[in-house]
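Structure first, commentary second.
The values are calculated or read from the model by the stated rules, or taken from the named source; none is laboratory data. No experiment lies behind these values; they were computed from the predicted model shown. FYI the Cβ positions are ideal-geometry reconstructions off the backbone, even for glycines, and counts take in every protein chain you see. Accessible surface areas use protein heavy atoms only, side chains included; no ligands, DNA or RNA. Shrake-Rupley method; radii C 1.70, N 1.55, O 1.52, S 1.80 Å.
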Amino acid sequence: MMVCEYQPGLEGIAAAQSSISNVDGQKGILEYRGIRIEELAEKSTFLETAYLLIWGQLPTSEELKEFEHEVRHHRRIKYRIRDMMKCFPESGHPMDALQASAAALGLFYSRRDLHNPIYIRDAVVRLLATIPTMVAAFQLMRKGNDPVRPRDDLDYSANFLYMLSEKEPDPLAARIFDVCLILHAEHTMNASTFSARVTASTLTDPYAVVASAVGTLGGPLHGGANEEVIQMLEEIGSIANVRPYLEDCLQRKAKIMGFGHRVYKVKDPRATILQDLAQQLFAKFGSDKYYDIAVEMERVVEEKLGHKGIYPNVDFYSGLVYAKLGIPTDLFTPIFAIARVTGWLAHWKEQLAENRIFRPTQVYNGLHEIAYTAIEER
Ligand code: CMC
């Protein structure tokens, strides 16, 4: 057995072999199954991209139609899941509600037939179909309203926006939201994907795999950063305050949310696309003062931290897009999860195909041979 040195955060350690996505962090390139993210954002849809990531190639039109049909007809959640969600405290974070609800699916579909392609397909369809319904249901129920039934005549993204607002969305808003889902669908061995693969490697069910990944995504160093970006822009409040705010952060050695990445040392290509989407939304629905603050922040951060490779990541502009779509701030990370369930499922399948349980080692730096002290002597 080859023994490696301890690397905090496993930086630079390969945890799996994967053909799902690839990042070139120096050149700012992201590919899904070899296709550049820019091309998918322009030409694909979220469900087509999900098919690509999970099944390994772009679907034919027949395959896509069948996949869309299956997802469309599995959007409803069981009334007992709805009733369980009604009991969640309305002050709870929607990510916690989502994690609990995703895990609860395992109670209803507990058969664990991991060698059966029909079981795999069912689980993929059910998770892709019901996670948006659960996010929207919690949003309405925490406001004291009944959840809205999904509409089979609406596409994936239009239906989600409809379930949130009870209004059919503007087609540009629905398309932009769909592109956001494409951008967040997968991103190599990030923390939540690693968590999904570790859980998958024990051969547990896919609902536990997704629930563990949702829990990991929620933290502010990972998916939770998009929420914090909006709070930070609100706190800054004006273009004039950008420089003093950032100087204060740097002096306190505080991390600036939405900037920096373990892999990208240039601007994240998804941030560039999201910035363009934000501009499209502002052109149609009116400008946003936080956008101007964000652009100034990017300029000053580049001036101060560009030499360290600190540039905007995917979370910097996504919140501005979601806010313009009328989405509450604490739903930004659950929306990230709606998209990323695709990547988690693709990694779940890949892990199963060549599984070995994750069982790393550690460098023990504790004591030895210590005598037990009786409680009254401590
Ligand atoms: N603001 C200020 N300085 C930073 C930042 C930042 N956002 N990110 C990294 N640095 C500095 C850091 O202080 C360190 O400097 P020095 O070498 O002088 O001590 C250097 O850059 C390396 O930082 P690190 O913390 O060792 O880098 P990491 O690879 O462990 O962390 C990160 C990556 C994404 C956790 C970090 O950049 C960060 O905390 N960013 C803010 C939170 C954020 O936006 N998270 C979203 C990540 S992308 C999407 C996702 O994963 O969900």
To the nearest whole percent, what portion of all C-alpha pairs in the chain is separated by more than 32 angstrom? 35
Square roots of five times the Cα gyration tensor eigenvalues for segment 30-87, Å: 30, 15, 9
So what's the convex hull volume per residue for the Cα atoms of segment 92-155, in Å³? 102
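Estimate the FRET efficiency between Asp276 and His69 by the formula 1/(1 + (r/R0)^6), using the beta-carbon distance for r and 41 Å for R0, to the nearest 0.05.
FRET efficiency, Asp276 to His69: 0.85.
Keeping every protein chain present and rolling a 1.4 Å probe, give me the accessible area per residue for segment 274-378 in Å². Don't skip to the answer; put the middle values down first.
On the way: 5600 Å² over 105 residues.
I get 53 Å² per residue for segment 274-378.
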Descending accessible area (1.4 Å probe), largest on the left, turns Thr60, Thr204 into Thr60, Thr204
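Ranked by accessible surface with a 1.4 Å probe, highest first, in what order do Lys304, Lys65 come? Kindly include the intermediate steps, with their values, before the conclusion.
On the way: Lys304 65, Lys65 125 Å².
Most to least solvent-accessible, the answer reads Lys65, Lys304.
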Rolling a 1.4 Å sphere over the protein heavy atoms, what is the accessible area per residue of segment 46-124, to the nearest Å²? 55
Using a simple charge model, +1 on the beta-carbon of Lys and Arg, -1 on the beta-carbon of Asp and Glu, nothing else, what dipole does segment 173-285 show about its Cα centre, in debye to the nearest 20? 340
Please calculate the 1.4 Å probe accessible area of Phe285, with all protein chains present, and give it to the nearest 10 Å². 90
Rg to Rh quotient for segment 209-316, alpha carbon positions, Kirkwood Rh: 0.98
Shape descriptor, segment 59-133: equivalent ellipsoid semi-axes (Cα gyration tensor, sqrt 5λ, whole Å, largest first) stand at 26, 15, 10
For the chain, give the percent of accessible area contributed by carbon and sulfur heavy atoms, probe 1.4 Å, rounded to a whole number. 51
Nearest 20 debye, what's the magnitude of the dipole of the chain about its Cα centre given +1 on Lys and Arg Cβ and -1 on Asp and Glu Cβ? 460
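Using 0.36 nm per residue, how much length does the chain from Arg112 to Asp292 gain when fully extended, once their Cα-Cα distance is taken away? It would help to have the intermediate numbers written out before the result.
Working: separation 180, 0.36 × 180 = 64.80 nm, distance 5.05 nm.
In short, 59.7 nm is gained.
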Taking the Cα-to-Cβ direction at Asp146 and at Asp330 and moving 7 Å from each Cα, how far apart do the two end points lie in nm? 2.5
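So which of Lys43/Lys78; Lys167/Lys267; Lys27/Lys255 end up more than 29 Å apart by C-alpha? Display every interim value, and only then the final one.
Values: Lys43/Lys78 34 Å; Lys167/Lys267 35 Å; Lys27/Lys255 23 Å.
Lys43/Lys78; Lys167/Lys267, as the Cα separations exceed 29 Å there.
Set the Förster distance to 35 Å, then compute FRET efficiency between Phe285 and Ser61 from the Cβ-Cβ distance, nearest 0.05. Please list the in-between numbers first.
Values: r = 33 Å, r/R0 = 0.94.
Plugging the Cβ-Cβ distance into 1/(1 + (r/R0)^6) gives 0.60.
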Expressed as a whole percent, how much of the Cα-Cα distance distribution for segment 259-319 exceeds 18 Å? 33
Given a Förster radius of 25 Å and the C-beta distance between Val300 and Ile13 as r, what FRET efficiency does 1/(1 + (r/R0)^6) yield to the nearest 0.05? 0.15
Let me know the whole percent of all Cα-Cα pairs from segment 158-239 that are separated by more than 17 Å. 64
The chain - mean residue ellipticity at 222 nm from DSSP helices (-39,500 (n - 2.57) per run, n ≥ 4, rounded to 500): -18000 deg cm²/dmol
If DNA, RNA and ligands are ignored and the probe is 1.4 Å, what is the ranking of Glu39, Glu48, Glu186 by accessible area, most exposed first? Glu39, Glu48, Glu186
